[in-house]
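Taking it in order: structure first as structure tokens, then the write-up.
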Amino acid sequence: MELYNLKHPSQVVSFTEAVKLGLGKDRGLFFPKSIPTLDNLESLLALPFVERSQKVIGAWLAPELGQETVDRLVEKAFNFELPLVQATQNLYSLELFHGPTLAFKDFGARFMAQCLNELANEDKINILTATSGDTGAAVADAFYGLDNINVVVLYPKGKISILQEKMFTTLGDNIHTVAVNADFDACQTLVKQSFEDSDIRDGLHLNSANSINISRLLAQICYYFEAVAQYKQQHNDDPVIAVPSGNFGNLTAGLFAKAMGLPVKRFVAATNSNDTVPRYLDNGQWSPHLTVATMSNAMDVAEPSNWPRVEAIVKAMNWSLTDIMGVGVSEADTADSVKSLHQQGYLSEPHAAIAAFALTQTMQTGEKGIFLGTAHPAKFNEVVESVLDLHLPLPQALENVVPKRILSAELAADFNTLKAHLFSVLDD
């Protein structure tokens, strides 16, 4: 698999190199030189999830890694269910929160961990990533205890739920966490600055586990195939899929799936009040506002890093950006959507509720839609309990972290301060 840097197309790397580097020159994102397509979609969709995923990822990676290696990596990474649950008469939720950290990020993080563990060849690797919520827990869990791999997670202090925070800040060992006194965009900027600094990048063998890492996106492609496979067991038409969107890695993976041949009628990019993309799709002007804190905090991203990949896919496939619908959802409408879903018998958290609301605003008569359930409602228990006026019992994975002590360092959003901290915790 060959990938090129979207900012510097002359920089061409293999999948192995892209996974290890994370970002290219000048923070450029790696993008595949070609997108494989899949034949016999009907028989492919009839396969079990893991077996199908081995074929989907094999289409990308088998020429470089070998199909036997791909099969092993996928089998180790994907060992939990992902049911498609009917939420309302015309809406289905693909529940992606049945993994170890109760969020969709488990798919990408676990596959990336398996890839790096396979490809590192005993080299020391230090992973630096930023999280607006669920990435931190998924990455920490996936890499916890792996030899020769250290992880540093930056997150905005006071801007994620306490249960989200405790899922990744209480582990210790090779997992280092930093509470930054700023918003997620500032954390993301610090990560990008670190990759631009040769002292840090080369001296600490730096890698990134954000959705900018291509391995995570390949893993996420697989659950779109599963969503359509389960949907096709009951329906003959193609679904509309709404994606709760923050950094836009999730939508990128969905578009890759469609480019490979997956029958999706269209995608809806659903954001909260941080609506840079919906406004851009509406008026063609890229004008990020300051990040706004919302109840769907994992999507509090004003400048999504993966958007250049979305545009690259659209260009490669000769599609139009008008094929993607963008919907920004207010706080009031988010709460109303949580209530409406609950009244119809489905318990949701705010991120999935935003995608469900976007579907109700955009679906035409006779259409059916799938929204991604990206996190267990209990991960946002304070919001859900407040909106619905009920008590939400915690699943065991969350109950276990409640009494644990947060081990994070606290830093200002200052690059030199972070640089000193990275060398203090990572440099042997």
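For region 60-92, the candidate set comprises residues that are small (Gly, Ala, Ser) and surrounded by fewer than 22 Cβ atoms within 10 Å (Cβ to Cβ); within that set, the residue that is farthest from Leu218 (Cα to Cα) is Gly66. Residues in region 346-365 that are touching a residue at least 12 places away in the same chain (Cβ under 8 Å) and in a loop (DSSP other than H, G, I, E, B) were compared, and the one that is nearest to Met325 (Cα to Cα) is Met363.
Please work out if Leu407 is open to solvent by 40 Å² or more (accessible area, probe 1.4 Å), under 30 Å from His205 (Cβ atoms), outside any helix (DSSP H, G or I) and modelled with pLDDT of 95 or more. Yes; evaluated as a whole, the condition is true for this residue. Filtering region 266-285 to residues that are crowded, with 21+ Cβ neighbours inside 10 Å and not small (Gly, Ala, Ser) leaves Phe267, Val268, Thr271, Asn272, Asn274, Asp275, Thr276, Val277, Pro278. For region 22-41, the criterion of being under 23 Å from Gln230 (Cβ atoms), part of a helix (DSSP H, G or I) and open to solvent by 30 Å² or more (accessible area, probe 1.4 Å) is met by at least one residue.
Okay, residues lined up against (1) under 24 Å from Val240 (Cβ atoms); (2) within 23 Å of the chain's Cα centre (by Cα):
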| position | (1), (2) |
| --- | --- |
| Pro36 | no, yes |
| Glu42 | yes, no |
| Lys55 | no, yes |
| Gly66 | no, no |
| Glu75 | no, yes |
| Pro83 | yes, yes |
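Across region 303-341, the qualifying residues are those that are part of a loop (DSSP other than H, G, I, E, B) and crowded, with 19+ Cβ neighbours inside 10 Å, and the one among them that is modelled with the lowest pLDDT is Ser305. Selection over region 274-302 of residues that are assigned to a helix (DSSP H, G or I) and on the phi > 0 side of the Ramachandran plot gives a count of 0. Consider region 96-108. How many of its residues are farther than 20 Å from Leu218 by Cβ and surrounded by 20 or more Cβ atoms within 10 Å (Cβ to Cβ)? Of the residues in that region, 2 qualify. For first residues located in region 40-55 and within 20 Å of Glu95 (Cα to Cα) and without any contact (Cβ under 8 Å) to a residue 40 or more places away in the chain, partners that are buried (at least 17 other Cβ atoms within 10 Å of the Cβ) and of a type in the set (Phe, Trp, Tyr) and lie 6+ apart or on another chain with Cβ distances below 7 Å form the pairs Val50/Phe78. Of the residues making up region 109-144, those that are at pLDDT 90 or above, open to solvent by 20 Å² or more (accessible area, probe 1.4 Å) and farther than 19 Å from Ser53 by Cβ number 2.
The residue list Pro288, Pro263 contains one member that is surrounded by fewer than 18 Cβ atoms within 10 Å (Cβ to Cβ), touching a helix residue (DSSP H, G or I) at 6+ places or on another chain (Cβ under 7 Å) and either β-branched (Val, Ile, Thr) or in contact (Cβ under 8 Å) with a residue 40 or more places away in the chain (or both), which is Pro263.
Considering region 342-376, and only residues there that are of a type outside the set (A, V, I, L, M) and touching an Asp or Glu at 6+ places or on another chain (Cβ under 6 Å), the residue that is most open to solvent (accessible area, probe 1.4 Å) turns out to be Phe357. Across region 263-272, the number of residues qualifying as assigned to a loop (DSSP other than H, G, I, E, B) and closer than 15 Å to Ser132 by Cα comes to 1.
Could you grab me the full set of residues in region 83-118 that are of a type in the set (A, V, I, L, M, F, W, C) and within 22 Å of Asn381 (Cβ to Cβ)?
Across region 83-118, the qualifying residues are Val85, Ala87, Leu94, Leu96, Phe97, Leu102, Ala103, Phe104.
Taking residues in region 193-212 that are among the hydrophobic types (A, V, I, L, M, F, W, C), and partners anywhere that are open to solvent by 30 Å² or more (accessible area, probe 1.4 Å) and not in a loop (DSSP other than H, G, I, E, B), the pairs with Cβ atoms closer than 7 Å and at least 6 places apart or on different chains are Phe195/Arg27; Phe195/Arg201; Ile200/Lys419. Reported count of residues in region 370-399, each being assigned to a loop (DSSP other than H, G, I, E, B), of a type outside the set (A, V, I, L, M, F, W, C) and over 24 Å from the mean Cα position of the chain (by Cα), is 3. Contact map, region 106-118: first residue touching a residue at least 60 places away in the same chain (Cβ under 8 Å), second residue of a type in the set (Lys, Arg) and open to solvent by 10 Å² or more (accessible area, probe 1.4 Å), Cβ cut-off under 8 Å, separation 6 or more or different chains; pairs are Arg110/Lys76; Leu116/Lys20.
Condition first: modelled with pLDDT under 95 and in contact with a Leu (Cβ under 7 Å, 6 or more places away or on another chain). Can you find one or more residues in region 344-356 that meet it? No: region 344-356 contains no residue that is modelled with pLDDT under 95 and in contact with a Leu (Cβ under 7 Å, 6 or more places away or on another chain).
Within region 102-120, one or more residues are assigned to a loop (DSSP other than H, G, I, E, B) and closer than 29 Å to Asp202 by Cα. In region 175-209, of all residues being in a loop (DSSP other than H, G, I, E, B) and open to solvent by less than 10 Å² (accessible area, probe 1.4 Å), the one that is nearest to Gly22 (Cα to Cα) corresponds to Ser208. Output the residues belonging to region 77-108 that are of a type in the set (Lys, Arg) and at pLDDT 95 or above. None; the set is empty.
The values are calculated or read from the model by the stated rules, or taken from the named source; none is laboratory data. Nothing here was measured: the structure is a model prediction, and the numbers come from that model. FYI the Cβ positions are ideal-geometry reconstructions off the backbone, even for glycines, and counts take in every protein chain you see. Each accessible area value is taken on the protein alone, full model and side chains, heavy atoms only, with ligands, DNA and RNA left out. Shrake-Rupley method; radii C 1.70, N 1.55, O 1.52, S 1.80 Å.
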